[in-house]
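First up is the structure itself, then whatever we jot down about it.
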Amino acid sequence: MTRIGIFFGTETGRTRLIAKQIAKKLGERAAAPVNVAKAQATDLLAFEVLILGTPTLGEGELPGLATGLTQPSWAEFLPKIESLDFTGKLVAVYGLGEQVKYSEHFVSALKPIYDTFEDCGATLIGQWPVTGYQFKGSAAVEDGHFLGLALDQINQPLLTAERVDAWLEQLKQSFPS
């Protein structure tokens, strides 16, 4: 059975809560979610499948010390993995954002995570359609799809469980047996 690593960065704790929901839904296939502030880059190599979560801050920024956090997050973590080889690993990303207040940068922080893992040889899965969202722009949209699951816990919290369930069903089709 494939073990799935779930890693997240967070500012308010919402991304961590989604990570916990994902782990619960995946059951024993998933390891306990880990905040990247407490992880080593090589920890990610222990898993065949990775699910990575991030909020988007301000104008599309990754969380990190430069954005006012008191602990390191994705902004500090990504450079540490750039020299690692993720060939053969499946990676899916999810992001939290607010499509009203930050409409021009909705879940844009997915893009640097997606790009970094793609550059490291990972196979990226879990693209998600943009239908059902109302935003002006996002660096994380390509060909009419988000690079991963987009969640808005401020304006569409009632859609989260349904979206997570559907996304996980989509991801499971790509998981090794």
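The values are calculated or read from the model by the stated rules, or taken from the named source; none is laboratory data. Keep in mind it's a predicted model, so treat the numbers as computed, not measured. Cβ placement follows ideal geometry from the backbone for every residue including glycine, while neighbour counts extend to all protein chains displayed. Only protein heavy atoms, including side chains, enter the accessible area calculation; ligands, DNA and RNA are left aside. Shrake-Rupley method; radii C 1.70, N 1.55, O 1.52, S 1.80 Å.
Residue-wise test of (1) under 13 Å from Thr56 (Cβ atoms); (2) part of a strand (DSSP E or B); (3) open to solvent by less than 50 Å² (accessible area, probe 1.4 Å).
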| residue | (1), (2), (3) |
| --- | --- |
| Phe135 | yes, no, no |
| Ser138 | yes, no, yes |
| Asn155 | no, no, no |
| Thr160 | no, no, yes |
| Arg163 | no, no, yes |
| Trp167 | no, no, yes |
| Leu171 | no, no, yes |
| Phe175 | no, no, yes |
Unmet criterion (only one of (1) open to solvent by less than 20 Å² (accessible area, probe 1.4 Å); (2) touching a Gly at 6+ places or on another chain (Cβ under 9 Å); (3) at pLDDT 95 or above; (4) not charged (D, E, K, R)) for Leu57: (3)
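Picking from Thr131, Thr123, which residue would you name as being within 16 Å of Glu48 (Cα to Cα), of a type in the set (Val, Ile, Thr) and open to solvent by 60 Å² or more (accessible area, probe 1.4 Å)?
Working: Thr131 fails: within 16 Å of Glu48 (Cα to Cα).
Unique residue meeting the criteria: Thr123.
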Output for the range 111-134, where each listed residue is farther than 20 Å from Glu162 by Cα and hydrophobic (A, V, I, L, M, F, W, C): Ile113, Phe117, Cys120, Ala122, Leu124
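Could we say that Leu65 is open to solvent by 30 Å² or more (accessible area, probe 1.4 Å) and either free of Cβ contacts under 8 Å to residues at least 60 places away in the same chain or over 14 Å from Phe8 (Cα atoms) (or both) here? Step through it out loud before you land on a result.
Working: open to solvent by 30 Å² or more (accessible area, probe 1.4 Å): yes; either free of Cβ contacts under 8 Å to residues at least 60 places away in the same chain or over 14 Å from Phe8 (Cα atoms) (or both): yes.
The answer is yes for Leu65.
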Residues satisfying the stated conditions in the range 1-22, i.e. surrounded by 15 or more Cβ atoms within 10 Å (Cβ to Cβ) and over 20 Å from Gln40 (Cα atoms): Arg14, Leu17, Ile18, Gln21, Ile22
Pair list, Cβ < 9 Å and 6+ apart or interchain, from the range 86-109 residues that are farther than 16 Å from Ile18 by Cβ to residues that are of a type in the set (Ser, Thr, Tyr) and surrounded by fewer than 20 Cβ atoms within 10 Å (Cβ to Cβ): Phe86/Thr123; Thr87/Thr123; Gly88/Thr123; Lys89/Thr123; Leu90/Thr2; Leu90/Thr123; Leu90/Ser174; Val91/Thr123
Residues (among the polar types (S, T, N, Q) and surrounded by fewer than 14 Cβ atoms within 10 Å (Cβ to Cβ)) located in the range 68-77: Thr70
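Looking only at the range 48-86, filter to residues that are of a type in the set (Val, Ile, Thr) and outside any loop (DSSP other than H, G, I, E, B); which one of those is farthest from the chain's Cα centre (by Cα)? Give the steps one after another, and end with the answer.
We begin by selecting, within the range 48-86, every residue of a type in the set (Val, Ile, Thr); these are 49, 51, 54, 56, 67, 70, 81.
Within this subset, residues satisfying the condition of being outside any loop (DSSP other than H, G, I, E, B) are 49, 51, 54, 67, 81.
Working: Val49: 13, Ile51: 6, Thr54: 5, Thr67: 18, Ile81: 15 Å.
This residue is Thr67.
Go through the range 23-47 and give me each residue that's open to solvent by less than 30 Å² (accessible area, probe 1.4 Å) and either in a loop (DSSP other than H, G, I, E, B) or out of contact with any Leu (no Cβ under 8 Å at 6 or more places or on another chain) (or both).
Ala23, Ala30, Ala31, Asn35, Val36, Ala39
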Leu110 vs. criteria under 19 Å from Asp152 (Cα atoms), open to solvent by 60 Å² or more (accessible area, probe 1.4 Å) and aliphatic (A, V, I, L, M): no
Any chance Asp152 is of a type in the set (Asp, Glu), within 17 Å of the chain's Cα centre (by Cα) and more than 25 Å from Leu45 (Cβ to Cβ): yes
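Tally time: how many residues in the range 87-107 are more than 11 Å from the chain's Cα centre (by Cα) and either farther than 20 Å from Lys172 by Cα or surrounded by fewer than 21 Cβ atoms within 10 Å (Cβ to Cβ) (or both)?
Narrowing the range 87-107 to residues more than 11 Å from the chain's Cα centre (by Cα): 87-90, 97-106.
Among the residues that remain, those that are also either farther than 20 Å from Lys172 by Cα or surrounded by fewer than 21 Cβ atoms within 10 Å (Cβ to Cβ) (or both) are: 87-89, 97-106.
So the count comes out to 13.
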